[in-house]
Amino acid sequence: MYFSKKIFTVLCWAFAGISAGHCATPDTLPALIPMPQAVKMNTGHFIFNANTVIRTEDAASPAIAYFRDQLRTQKINTRIITGASATKGKQELLITAAGAAQLPAEGYRLEITSTRIKLTGKQAGIFYGMQTLLQLVATNSNNAIPCMTIEDAPRFGYRGLMLDVSRHFFTVPQIKQLLDLMAYYKLNRFHWHLTDDQGWRLEIKSYPELTQVGAWRVPRIEFSGNTLPPQPGEKATDGGFYTQEQVRDIIRYAAERHIEILPEIDVPGHSMAAIAAYPELCVTRDKSIRVNPGSSFSKWFADGSYEMYVDNSLNPTNEKVYEFLDKVFTEVAALFPYPYIHIGGDECFKGFWEKDSTIQQFMRDHQIKNTHELQRYFISRLNKIILSKNKKLIGWDEIMEGDLDDHVAVMNRFGEKGAITQTKKGIDIVLAPGNNGLYFDYAQSTSDQEPSSHGGDAPAWKAYDYNPAYTSLSPADLQHILGIEGCIWTENIPDISKLQYMMLPRLLALAEGSWTSTGQKDYSRFANTALPAHLAVFDRTGMNYRVPTVFPLFDSTIVTDAFPFEIKQMPVPGAKVYYTLNNRPPGDYDHEYTGPITINVPRGKSITLKTIVVTPAGRRSIVTRTLLDNSQPPNKQ
């Protein structure tokens, strides 16, 4: 991209981070993510240490135990007491529900003076106030928390993150680690994508082969068009599944963190793992079908249509299929207390339906005009099954194909156009559009240095800027927006390290976008003040994350004869920046940036400035390239 020197300098200033570790002043806001709805800064600090007494009305509360355990990870051991009177001569944290009746749902009030902290809230509100305190302790040196008053409550009731465990399986401890991260940033819905073509991950006692067969595939290194499909006689050894007892344990763990779990069983398409176990569920009844290991089984066309070479859709005309679904969803409903069950419903290939004479006769007998209406028939029958379990159905946009008129909810992945149609029909929706930065399996920039990804470009600022309150929606329409969700599809995410890298820092942008009102959001504050402090915590604790670059653009051209190379603050506190001027990739053996310099570019020449950020833990940013161009002849007067 071409930029003038002035424009580029402004952008650099906008993206420059300030270091954490210095206590906030009354003129600055704390490094909190998400940003609370109202913060009033005062003078002084509260020193949180082992002498701090926690006074509460319910010392046996799981939330209190959780809070104390989290403080211990920051090497703060505190004493918990129950009582109505303040502790004499001691600094105290009072946690109380008194006065919380008028607070919004999930809301809290936090009052910090130099001698006392008072946290007021109830249930989830208390818990979220604790997360705010934990962040204040973690991001301020010597646990010196600035005095302030916070009034806070979320913008949306649904603040979600979806993890696909079918493409790659993640263990119970890894799921719990993710839930901890979600709780810390006040996300409260974990959408668990449990089944797909590449694996069935949930134990269903009525159909044991769903996990005996459907949870395992032949081992492959990556998902691509060149990945070898299952070979004759090859053993399926890659995979895993969650037992029902493990699921109950995870649900309990999530509930203690005020996170509800939305399970997804993807039907009628994306069902190859189920069909591999029970081939009679599909139209072709093909017994040679195996769980897909990441090899190609479809062709996509420029107009967005596609063709499947392997049958991965359930037969919507077979009564045995509905018996199967009834038993599966009976067990799912019994396991998960959340009122909704996600049924997928996306990308259902109908080509095998169209070619089958039995299905065509069924459609004539039932006056079904086309296969889109046939999918509507399937979704409507499945909705009745879901309702019979005292649950409500939610699915991706495609469940509305064929003008479905059932009362269901939609998880919108296509954005504004669908949202307008859906909300005007009175449908409740959760917005998770990939094109608005909410697909965290997309690359975090357009640089080819980014790790392999699903495709697309979803930098953190795009997720931060997303606002589901489209101007084309009326106030009545907006009432149907339950919230927003980030999605992580894992075709290219084989392990926890890459999962962390792809989530962070975008998950933090999602957290603020779903919690903080638009009037309180400020990307400059988020990127320049709050984010560096949180990345420093990740760096210290061993979390993987994408290290921001010193320049907002990884590849740019500036027409200049003298470039002022100046970094006001590091993107991660304590990081170092190395650079080259000879077009070679920089490393920690090259020039280290130690202060502002002016790079003079001779007339008729150009210089390539490349930079890299290296954090205290050794994590590295991608390399930025800035062409300083003075090769153009001067303008004639």
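Scanning segment 289-306 for residues that are part of a loop (DSSP other than H, G, I, E, B) and without any contact (Cβ under 8 Å) to a residue 24 or more places away in the chain gives 289, 301, 302, 303, 304, 305. Just one of (1) surrounded by fewer than 23 Cβ atoms within 10 Å (Cβ to Cβ); (2) closer than 30 Å to residue 539 by Cα fails for residue 475. It is (2).
Taken over segment 239-264, the criterion of being of a type in the set (D, E, K, R) and under 26 Å from residue 134 (Cβ atoms) is satisfied by 249, 252, 256, 257, 260.
Of all residues in segment 77-96, none satisfies being in a helix (DSSP H, G or I), hydrophobic (A, V, I, L, M, F, W, C) and under 31 Å from the mean Cα position of the chain (by Cα).
Residue check: residue 490 meets all listed conditions (1) modelled with pLDDT of 95 or more; (2) surrounded by fewer than 23 Cβ atoms within 10 Å (Cβ to Cβ); (3) polar (S, T, N, Q); (4) outside any helix (DSSP H, G or I) but one, namely (2).
Taking the listed residues 116, 189, the one that is assigned by TED's automatic domain parsing to the domain that holds residue 237 and in contact (Cβ under 8 Å) with a residue 40 or more places away in the chain is 189, with no other qualifying. Within segment 203-218, none of the residues are assigned to a loop (DSSP other than H, G, I, E, B), polar (S, T, N, Q), closer than 25 Å to residue 268 by Cβ and under 22 Å from the mean Cα position of the chain (by Cα).
The number of residues in segment 478-487 that are in contact with a helix residue (DSSP H, G or I) (Cβ under 7 Å, 6 or more places away or on another chain) and either free of Cβ contacts under 8 Å to residues at least 40 places away in the same chain or buried (at least 24 other Cβ atoms within 10 Å of the Cβ) (or both) comes to 2. When you look at residue 198, is it within 22 Å of the chain's Cα centre (by Cα) and over 27 Å from residue 158 (Cα atoms), yes or no? The answer is yes for residue 198.
Among the residues making up segment 37-53, those that are out of contact with any Leu (no Cβ under 8 Å at 6 or more places or on another chain), hydrophobic (A, V, I, L, M, F, W, C) and not in a loop (DSSP other than H, G, I, E, B) are 38, 46, 47. Residues that are charged (D, E, K, R), in a strand (DSSP E or B) and either touching a Lys or Arg at 6+ places or on another chain (Cβ under 7 Å) or surrounded by fewer than 19 Cβ atoms within 10 Å (Cβ to Cβ) (or both): does segment 594-608 have at least one? So far as segment 594-608 goes, no, none of its residues is charged (D, E, K, R), in a strand (DSSP E or B) and either touching a Lys or Arg at 6+ places or on another chain (Cβ under 7 Å) or surrounded by fewer than 19 Cβ atoms within 10 Å (Cβ to Cβ) (or both). The criterion of being modelled with pLDDT of 95 or more, aromatic (Phe, Trp, Tyr) and crowded, with 19+ Cβ neighbours inside 10 Å holds for residue 242.
Taking residue 125 as the residue in question, decide whether it is within 30 Å of residue 195 (Cα to Cα) and either surrounded by 17 or more Cβ atoms within 10 Å (Cβ to Cβ) or among the small types (Gly, Ala, Ser) (or both).
On the way: within 30 Å of residue 195 (Cα to Cα): no; either surrounded by 17 or more Cβ atoms within 10 Å (Cβ to Cβ) or among the small types (Gly, Ala, Ser) (or both): yes.
No; evaluated as a whole, the condition is false for this residue.
From 284, 317, grab the single residue that is over 27 Å from residue 430 (Cβ atoms), out of contact with any Cys (no Cβ under 6 Å at 6 or more places or on another chain) and crowded, with 18+ Cβ neighbours inside 10 Å. Walk me through how you get there before you give the answer.
On the way: 284 fails: crowded, with 18+ Cβ neighbours inside 10 Å.
Matching residue, one of 284, 317: 317.
With respect to residue 525, determine if the residue is basic (Lys, Arg) and in contact with a strand residue (DSSP E or B) (Cβ under 8 Å, 6 or more places away or on another chain). For residue 525, the condition - basic (Lys, Arg) and in contact with a strand residue (DSSP E or B) (Cβ under 8 Å, 6 or more places away or on another chain) - is not met.
The values are calculated or read from the model by the stated rules, or taken from the named source; none is laboratory data. Small disclaimer: the values here were computed from a predicted structure and weren't measured. Note that we place each Cβ from the backbone using ideal geometry, even for glycine, and neighbour counts take in every protein chain shown.
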